[in-house]
Amino acid sequence: MDLRAELLKSIWYAFTALDVEKSGKVSKSQLKVLSHNLYTVLCIPHDPVALEEHFRDDDDGPVSSQGYMPYLNKYILDKVEEGAFVKENFDELCWTLTAKKNYKPDRNGNSVVSHQDAFKLWCLFNFLSEDKYPLVMVPDEVEYLLKKICTAMNVELNSCELDDYLSQEPQGQGGLTVWQFLDMVNSGRFLRGIEQEAISMAVEEVYQEVIEDGYLWKRGQLRRNWSERWFMLKPSVLSYYMSEERKEKKGSIALDKHCCVEVLPDRDGKRCMFCVKTLSRTYEMSASDTRQRQEWTLAIQTAIRLQAEGKKSLHKDLKQKRREQREQREQRKAAKEEETQRLKQLQEEKERKLQELELLKEAQRQAEILLQEEEQRRRQQHEEMQRTLEIQLREAEQARASMQAEMVLKEAEAERQRKRILELEDMQERLQEALQQEVKARQDEEAVRYAQARLLAEEEEKLKELMKLKEEQEEYIIKTQREKQVLKQEMENKNKCLEEAQKQLEEVRVNRQRVDQDVVAAQRKLRQASTNVKHWNVQMNRLMHPIGPGDKRTNVSGGVFAGYQPLLSRRDSSLK
C-alpha cells in the first residue's frame, strides 16, 4: 500500500463526515476548507488561484467524490512528498472531522478506550483494512489486531467468542467498519477485567510497532554524549527527530544490504545497547528495556532484508502475506465447493445415464421386434418390386428400340436445321454490315448538312458585317467631306491672316530700322553731351576751388556735376 492509498483512506473518512445528508456530495465551501487544511498538514504550498478556480460558484449544487478526485489528485496528492510532513498530524485532522460525527463513546465515561486510543485504533484499522470503499476490515485482520493487543497485555484472546460475535453481526462475515470495531472494543466483551491504563499502553505499543517509530537514546559522533531522539523506521532509511512531533529532523541513517545490526554490552551507564553499522559510520543506540531493544533490532534487520528484496514494510509485507493466505484459503474453499458440486453433478449424471441406459435397452428390444417385422415386410416389397422391374425392363427395351428409330429421324432433322441456322447466321451478318454502312452514310450526310448549315450561318453573319461596314464607310466618307470643307475654309482664313501678319512684319521691320537710326543718332548726341558735361565740370571745379600757394591739383571730376552721372547712365540705358 503506497502513500497515496494511505492518504486517500483518511481523506475518505473526512469527505464522508462532511456529507451530512449522506447523498455522496459535499458543498463547495466545506471542500474549500478541507482542501486548505490538507495543504497545511501536508506541508504543500497553497495555491489559492487553483482552489478558487476549481470551486468557483458558476454552477450550482454540491460536489461528489468523483468530482473532487481530479482536484485532489492534481493539486494535493501529486505534490505530496514522503517525509516532508508529519503523518500523525494528517491523521489527526481527518480523525477530528470524522469522529465528531461518527464516533459515539459511552456518555457515562465507561468506555474501555480513551479518545486518543480510539484515534490510534482508527489508524491501525486504516492500515489493516482492505483497499476497497467503503473501508472494512475482514474478520482475519480483526482477530490479528485483537491478538496483538492481547499479547501486549499478556492476555489470551477468546477466538470462539469473537467468531460468535462476528456471526451475530449482520455484516460481520464480510468485515467490520471502523465504528463497529470501536463499538466492539468499547463494549468490553473481549477485554473484561483489564484496566484502561493497561489497554492504553497495549494500544500504544501495537501502534508504535506497526507504525515503526519510538524513542531511543543515541550517542553523538563528535561530542560522544547521549541524547534522546524520536526514531522513525522506513525500509530504506532510519530517521531521527528532536521529539515525536517530528518538526526538527536531526539526521537519518540510510539502510541498504551493506548495513547490519549488532547488540552491544552495557557500558558508560547505558544498558540495552545496540548499534547500526554502515559503510561510512557506526551508530550507537540504547533502548529502554531488553524487549524494546529486541523489537528495534528485529525491525531494523527486517527493514534491511526488505530493502534488499525490494519491499517496503514488514507489517505491510505481513499484511500482504495474510491477504494472500486468505485468498488462497478462499480459492481452496471455492475449489473444494466446486469439486463437491462437480461430484454431485457427476453422480446425478451417472444416475441419469443409468436410467437412460435402461430406457435404451427397452427401446432396443422394441426396435429388434420392429426390425424383424420391417425385414419381412421389406422382403415382400422387394419381391414385388423385382417382378415390377422385370415388367418395366421389357417395356423399356421396347421403348428403347422405338426411340432409336426416332433418334435417327431426329438426327436427320437436326442436321437440316443446323444447315438452315448457318445460312441464317450468314444472312444476318450481311444484313448487319449493310445496316452499318447505311448508318454510317446517314451519319456522313448529317455531318455534311450540319457543316453546310454552319457555313450558311457564317456567310450570313459575314454579309451582315459587310453591310454594316459599308454603312460605316459611307458615313465616314460624308463626315470626311464635311471636315474637308471645314479645313479648307480654315486654311483660307489662315492664309489671309498669314498675309496680314507678313504685312505687319514688314512694317515692324521698317519701324525697327528707323528706330535703330534714331538710337544711333541719340547715342552720338549723348556721347557729345557727356564730353561737354565733363568739360564743364572741370571748369566748374576750377572756379569753386582756387589753387593756393603750395596746394596740389586734385581731380575735380567728382565735383558738383557728379550727380548728373546716374541720370546720364539711366538715359543711356533707356536709349539702348
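The values are calculated or read from the model by the stated rules, or taken from the named source; none is laboratory data. In this text, all values refer to a predicted model and were calculated from it rather than measured experimentally. Methodologically, a virtual Cβ is constructed for each residue, glycine included, from the backbone with ideal geometry; neighbour enumeration extends over all protein chains shown. Remember, those area values only see protein heavy atoms, side chains included, never the ligands or the DNA or RNA. Shrake-Rupley method; radii C 1.70, N 1.55, O 1.52, S 1.80 Å.
Ranked highest first by average number of other Cβ atoms within 10 Å, how do 161-168, 413-420 line up?
Most protected by this proxy first, the peptides run 161-168, 413-420.
Tell me, what is the per residue accessible area of region 282-434 in Å², probe radius 1.4 Å?
It amounts to 85 Å² per residue over region 282-434.
Please work out whether region 353-437 counts as rounded, prolate or oblate from its C-alpha gyration tensor, where a ≥ b ≥ c are the square roots of the eigenvalues and a/c under 1.5 means rounded, while otherwise a/b larger than b/c means prolate and anything else oblate?
oblate
Starting from the 7 Å offset along Cα-to-Cβ, what nm value, one decimal, do you get for the label separation of SER187 and VAL533?
Roughly 15.6 nm, to one decimal.
For the pair ALA414 and ALA447, what calculated FRET efficiency results from E = 1/(1 + (r/R0)^6), where r is the Cβ-Cβ distance and R0 = 60 Å, to the nearest 0.05?
For R0 = 60 Å, the calculated efficiency reads 0.80.
Separation between the LEU526 and SER243 pseudo-spin-labels, each 7 Å from Cα along Cα→Cβ, expressed in nm?
That separation, rounded to one decimal, is 13.0 nm.
Going by average Cβ neighbours within 10 Å, how do the peptides 274-284, 145-155 rank, with the highest at the top?
The most tightly packed comes first, giving 145-155, 274-284.
How big is the accessible area of GLU368 in square angstrom, nearest 10, if you roll a 1.4 angstrom probe over the protein chains?
90
Any chance you could list P(r) for region 1-86, counting all Cα-Cα pairs in 10 angstrom bins from zero, rounded to whole %?
Bin by bin from 0 Å, the calculated values are 16, 53, 28, 3.
Any aspartates and glutamates with Cα under 12 Å of the LYS525 Cα? List them, leaving off those in the same chain fewer than 8 positions away.
Hits, sequence-local ones excluded: ASP572.
In the structure displayed, which of LYS79/LYS250; LYS25/LYS104; LYS148/LYS336; LYS28/LYS87; LYS249/LYS277 lie more than 28 Å apart, Cα to Cα?
In this structure, LYS148/LYS336 lie more than 28 Å apart at Cα.
If packing is taken as the average count of other Cβ atoms within 10 Å, what order do 329-337, 97-105 fall into, highest mean first?
Packing order, densest peptide first, comes out as 97-105, 329-337.
Over the C-alpha atoms of region 293-442, what are the Rg and the largest Cα-to-Cα span, Dmax, in Å?
Using the Cα atoms of region 293-442, the pair Rg, Dmax is 47.6, 126 Å.
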